[in-house]
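Enquirer: What follows is a structure written as structure tokens; I'll ask about it next.
Every read-out reported here was derived from the displayed coordinates using simple, explicitly stated rules and does not represent laboratory data. All values derive from a computational prediction rather than experimental measurement. Cβ atoms come from the backbone with ideal geometry, glycine included; neighbour counts cover every protein chain shown.
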Amino acid sequence: KQWYQRRSTGVEKINVNDNKVCGVTLHDGTVVESNIVLSNATPKVTFLDILDSSLLPKEYLTHIKTIDYTSPVFKLNVAMDRIPTFRGHTNGPGETAGPQHQGTIHLNSESTSMVDKAFADACQGIPSERPILEMTIPSSVDPTLAPEGHHVASFFIQYVPYSPADGEWTEEKKDTFVKKVFSQVDEYAPGFSDSVIGYDALTPPDLERIFGLTGGNIYQGAMGLDQLFTQRPTYLTPAHTTPVNGSTSVVLPLTQGVVYSVLLVETALKWSSRTGANKENVRSYTVKMADAFKTLSHDLRLQTYRRIQFTGTFYLAHTF
């Protein structure tokens, strides 16, 4: 076996011979032979862009084409000349980072009504007036990420539309939205805006163009309950295999949709430990449920899945 590593060039196509994967062709024309191809690209890129979609069964192809990639995420990376000072907190000696800087910091999310309003704005094609801000300051735990005395921050921001109602994203629109974000961070950490010495802003279209994330969705598909667990990318094939070469030629990644579904099960296990229920019984039931799910008809799968969704949500609500 030979380990082949190639960077800085994309995959032009997945090569298939007699319905069996035989490698990939890169953009520069290089052919890499292999009897297994693992793709961490989105289903759209994997099955519609770099694989001959005519090799896929009609029903499977229909499912792939109808995957929802709606993304409300705006990514913002910021360079600062000092650590932020949050209201109610005192920085360390010499304005160094403290515990308040070393976790995930959520702003504009003090109530569910704030979250709902932010979401409603984006549904109207408008970037949220008060977006949900998830902020981390990685340099607070790893000072090598910035020059001495300086820091970097990363913002995961919701909600923004892929295509604003008043036209596509422009640099001017991005700058206006970023300034709004900075002014709202100032409400929690006075002087934050003045500390910014540079930033990189990425809209959903930017995330799609730069990283190949269809729709700019970092989860490789919207996180709706109809696209999690055995529904990802489609219930038609188990274990993230594809119809090409029977079942194992092209393997999809374990995206966060699957991770989230696993977390539902783990949450159920945590719930069982708190309530005295038998963990093995819960785990055994989950395995049996997954096995039984594969044998159901399409309509019954959907009905059963809706019940699973409700149960999973119930566990989450009663665990946290």
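Enquirer: Dividing the convex hull volume of the Cα atoms of the stretch 92-166 by its residue count, what figure in Å³ per residue is obtained? Before the final figure, lay out each step's value.
Expert: Numbers: hull volume 8.2 nm³, N = 75.
So the per-residue Cα hull volume is 109 Å³.
Enquirer: So which of K117/K180; K44/K173; K44/K179; K44/K117 end up more than 22 Å apart by C-alpha? Can you show the working numbers first?
Expert: Values: K117/K180 16 Å; K44/K173 28 Å; K44/K179 34 Å; K44/K117 31 Å.
With Cα atoms farther than 22 Å apart: K44/K173; K44/K179; K44/K117.
Enquirer: Then there is this: Hey, what D do you get for the stretch 1-132 in µm²/s if you plug the Kirkwood alpha-carbon radius into Stokes-Einstein at 4 °C and 1.567 mPa s?
Expert: On the way: Rh = 20.1 Å.
The diffusion coefficient I find is 64 µm²/s.
Enquirer: Based on the Cβ-Cβ distance from D194 to E33, what FRET efficiency comes out when R0 is 56 Å, to the nearest 0.05? Numbers along the way, then the final one.
Expert: On the way: r = 56 Å, r/R0 = 1.01.
Once the sixth-power term is evaluated, E becomes 0.50.
Enquirer: How far apart, in nm, are two points set 7 Å out from the Cα along the Cα-to-Cβ line at D166 and at A120?
Expert: Once both label points are built, they end up 2.0 nm from each other.
Enquirer: Okay, moving on. Under the Kirkwood approximation applied to all pairs of distinct alpha-carbon atoms, what is the hydrodynamic radius of the stretch 165-232 in Å?
Expert: Values: mean 1/r = 0.0689 Å⁻¹.
Kirkwood hydrodynamic radius for the stretch 165-232: 14.5 Å.
Enquirer: I'd like the distance separating the alpha-carbon centroids of the stretch 213-237 and the stretch 5-77, in whole Å.
Expert: So the separation of the two Cα centres works out to 15 Å.
Enquirer: Can you give me the distance in nm between label points at N77 and K20, each placed 7 Å from the Cα along the Cα-to-Cβ direction?
Expert: Between N77 and K20, the simple spin-label model gives 4.3 nm.
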